[in-house]
Amino acid sequence: MTSLHEPVMELVRASLNPLVPPARSRGDDRACQVVIRAADADLKAGGLDHVNRLAIGTGVAAAGLTSWLAQERHLETEAVISELEQSVAQNGGGPLSPVVGMLKTLLTGPPGMAQVADFMVTKFHEDEEKYYDLVVDLGRYAASCIDMLNALNISSQEDTLDCLDDMLQEFFTN
């Protein structure tokens, strides 16, 4: 049986290794394939559990990695979120806009998962396809954080993946 955190780790790993050249379609993109499999499992089961667990888990991974980067830069998490918001605004929004929204909800909002659930439900009902894109973009953002930790000689890619795996196992167990 697959652990609840394994699809999240699969998405993050797929995001670390993008196709070269870029995929011609979403079906060719390894990160998108992870989300498509979760959506297919939900269709068969008649629910949204697989995609929602993937979204929440990937959001938690992205938030944890953001916190780690903030700590290593001797910054408050709010300052990093503010930097991200400013960068997204300067670039006219784009795919990171909902990622920053979810990170802000996870890291600077009131404690608990209720606000994250509200954020996700709203995103899903606004545009189901963009919701799936958010999950992929969260995976890509998490992968970029892993790359930054590696580039700054804070933690190797493999060590960070091991830490992330442990963190997600604990998250899904609790």
P(r) weight above 21 Å for segment 90-174, C-alpha pairs, percent: 42
Rg/Rh for the chain, where both radii come from Cα atoms and Rh is the Kirkwood radius: 0.94
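Mean projection of the alpha-carbon convex hull of segment 46-86 over all orientations, in nm²?
Computed as one quarter of the Cα hull surface, the answer is 3.2 nm².
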Spatial separation of Cα centroids for segment 131-174 and segment 34-96, in angstrom: 10
Within the chain: Cβ-based charge dipole about Cα centre, in debye rounded to nearest 20 (Lys, Arg +1; Asp, Glu -1): 320
Charge dipole magnitude, Cβ of K and R +1, D and E -1 - segment 1-92, Cα centre, debye nearest 20: 380
Sum of -39500 (n - 2.57) over DSSP H runs of 4+, divided by residues of the chain (222 nm, nearest 500): -25500 deg cm²/dmol
Mean Kyte hydropathy of -1.0 or more with a Cα span along the axis of at least 27 Å, helices from DSSP in the chain: 49-72, 128-151
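Taken together, the values in this text are just the output of simple stated rules run on the coordinates, not laboratory data. Here the structure is a predicted model, which means the values were calculated and not measured. FYI the Cβ positions are ideal-geometry reconstructions off the backbone, even for glycines, and counts take in every protein chain you see.
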